[in-house]
Amino acid sequence: MKHEIFPTPVWHIQEGPQQLIDELLQGAYVCKNSVENNEKSNEGGYQSPPFSWDQFHPEGIKYIEDQLRKIIKEHLETEWIAQFESWWYNINPKGGWNSPHTHPGTDLAAVLYLTDTNGEFAFIPHTNRIIDEGYKRMRTKKGDLIIFPSDQLHMVLPNELDEDRVCISMNILLG
């Protein structure tokens, strides 16, 4: 008998406001053309340095905070106490990827997809891969937002599409 003692919650909010997503996508390329590549976990693509939450798009702040407020209230059964620590752009052309990593010093990580993907976002189980099935891939589309515990090991597999894969990643502290 197999027991799931500590399952990992992952929230997948689908189809965010497309006009906002398109504006954020334009901002990603403005940033790429004007701000140096940080390359923290990105391989073969662009990763901006982290920005403070007050530098995020005002409508984006409202949308993401509203989504997180719902999750905290419904699933964590507590009042809204969260602080966005930082956010950054990731732009992966064909072949670009993000190496396995976690987000230490925070509670939750979030990813807002600005383009369609090909299921390259993958969680890596904490268990021995001989016992487990390997990667847990997420199928996401433009406008989707995923939120998960920041200590969950994850990566982005190489982009197999001819178009760039663009997202915004965020770190969230719960108080």
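The values are calculated or read from the model by the stated rules, or taken from the named source; none is laboratory data. All of these numbers come straight from a predicted model, not from anything done at the bench. Neighbour counts are summed over all protein chains in view; Cβ atoms, including those assigned to glycine, are modelled from backbone coordinates with ideal geometry. To get the accessible areas, we keep the full protein, side chains included, count just its heavy atoms, and leave off ligands, DNA and RNA. Shrake-Rupley method; radii C 1.70, N 1.55, O 1.52, S 1.80 Å.
Quick check on the stretch 26-36. Is at least one of its residues assigned to a strand (DSSP E or B), on the phi < 0 side of the Ramachandran plot and without any contact (Cβ under 8 Å) to a residue 40 or more places away in the chain? There is no residue in the stretch 26-36 that is assigned to a strand (DSSP E or B), on the phi < 0 side of the Ramachandran plot and without any contact (Cβ under 8 Å) to a residue 40 or more places away in the chain.
Considering every residue within the stretch 26-33, establish whether at least one is open to solvent by less than 70 Å² (accessible area, probe 1.4 Å) and β-branched (Val, Ile, Thr). Working first, answer last.
Pass one, the stretch 26-33, residues open to solvent by less than 70 Å² (accessible area, probe 1.4 Å): 27-28, 31.
Within this subset, residues satisfying the condition of being β-branched (Val, Ile, Thr) are none.
No, the stretch 26-33 has no match at all.
Any residue in the stretch 139-168 that's without any contact (Cβ under 8 Å) to a residue 24 or more places away in the chain: show its pairings with residues that are open to solvent by less than 50 Å² (accessible area, probe 1.4 Å) and of a type outside the set (A, V, I, L, M) at Cβ separation under 6 Å, as long as the two are six or more apart or on different chains. Here the result reads Arg139/Gly119, each pair linking the stretch 139-168 to a residue that is open to solvent by less than 50 Å² (accessible area, probe 1.4 Å) and of a type outside the set (A, V, I, L, M).
Does at least one position in the stretch 65-81 carry a residue that is open to solvent by 70 Å² or more (accessible area, probe 1.4 Å), modelled with pLDDT of 85 or more and of a type in the set (A, V, I, L, M)? No, the stretch 65-81 has no match at all.
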